Amino acid sequence: MPDVLTAQERERLTQVSVATISTCLYRADVRVVCPHGIRPLAPGLPRMVGKAFTLRFIPMRDDIGGMSSYGVGANVHQRAFEECPPDHVLVMDTRGETRACCGGDLLIGRLKARGCSGVVTDGGFRDTPDIALLQFPAYHRQPVPPPSFSRLQAVEFNVPIGCADVAVYPGDIIVGDAEGVVVIPAHMASRIAQEAHESTQYDTFAAEEVARGHSIVGLYPATDASRAEFQRWRQGRDGS
């Protein structure tokens, strides 16, 4: 799958917030982009940027799934963790199931060892204290101790999915920070990286103005006058 971001654009996405990216996407008329209720597994985890590699679950059925389906080469759940490419984020659709986990410390440790960028689920992980020690970007709804095979059956990967009611297509850009996750459509990623970078610079300028006593009115949202002042502020910072 070809890269949709330059190294500079990827770096910029590590420096801007999910909130800012979601606003840029809203302005571009793409509005359902933040999986609801998905949070970092622990405080202080690294930022996450990577291309989506997806995994879809359905409810487990006793004659097909269960514990006996694990430990064989054709197990879709384990294959997804083995085949998610480096620099990608594994994004899982469990239909919001929180009565059984969709992964634990060994599976997520395997993603880290293989050079993946993170993992996201609309369900939950087990072994969360051990996952936190990995210092690997992991996002879920809540800790879920029971095993996956008690409720969940993985059926296919690298297909379009819904994660907490947000559409995720393979290759979309997934960004995560301390607040949550945002999904950037692949064809918009370069544009949004640039716009979010610009918006973040403006927000820094606006925060300085507010701290100096400037009213928020006429400052946010930006006006022609505030944009002109911002350009002068930026030129001063750049030394030009």
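Meeting the requirement of 3 or more residues that are closer than 22 Å to Val49 by Cα, at pLDDT 95 or above and within 17 Å of the chain's Cα centre (by Cα), the strands (runs of 3 or more DSSP E) wholly within segment 90-173 are 118-121, 138-140, 161-163, 166-168. The residue pairs whose first member lies in segment 11-29 and is hydroxyl-bearing (Ser, Thr, Tyr), whose second member is part of a helix (DSSP H, G or I), and whose beta carbons are closer than 6 Å, counting only pairs six or more residues apart or on different chains, are Thr20/Ala196; Thr20/Ser199; Thr20/Thr200. Looking only at segment 186-204, decide whether some residue is within 12 Å of Val91 (Cβ to Cβ), crowded, with 19+ Cβ neighbours inside 10 Å, touching a strand residue (DSSP E or B) at 6+ places or on another chain (Cβ under 6 Å) and modelled with pLDDT of 95 or more. No.
Filtering Ala178, Ala193 for residues that are touching a helix residue (DSSP H, G or I) at 6+ places or on another chain (Cβ under 7 Å) and among the aliphatic types (A, V, I, L, M) leaves a single hit, Ala193. Within segment 1-50, count every residue that is within 17 Å of Gly171 (Cα to Cα) and in a strand (DSSP E or B). Total satisfying the criteria: 3. Out of Ala52, Ala74, one residue alone is closer than 24 Å to Glu97 by Cβ, at pLDDT 95 or above, of a type in the set (A, V, I, L, M, F, W, C) and out of contact with any helix residue (DSSP H, G or I) (no Cβ under 8 Å at 6 or more places or on another chain). It is Ala52. Got at least one residue in segment 8-16 being touching a strand residue (DSSP E or B) at 6+ places or on another chain (Cβ under 8 Å) and at pLDDT below 95? No, because not a single residue in segment 8-16 is touching a strand residue (DSSP E or B) at 6+ places or on another chain (Cβ under 8 Å) and at pLDDT below 95.
The values are calculated or read from the model by the stated rules, or taken from the named source; none is laboratory data. Computed from a predicted model, the values in this text were never measured in an experiment. Cβ atoms come from the backbone with ideal geometry, glycine included; neighbour counts cover every protein chain shown.
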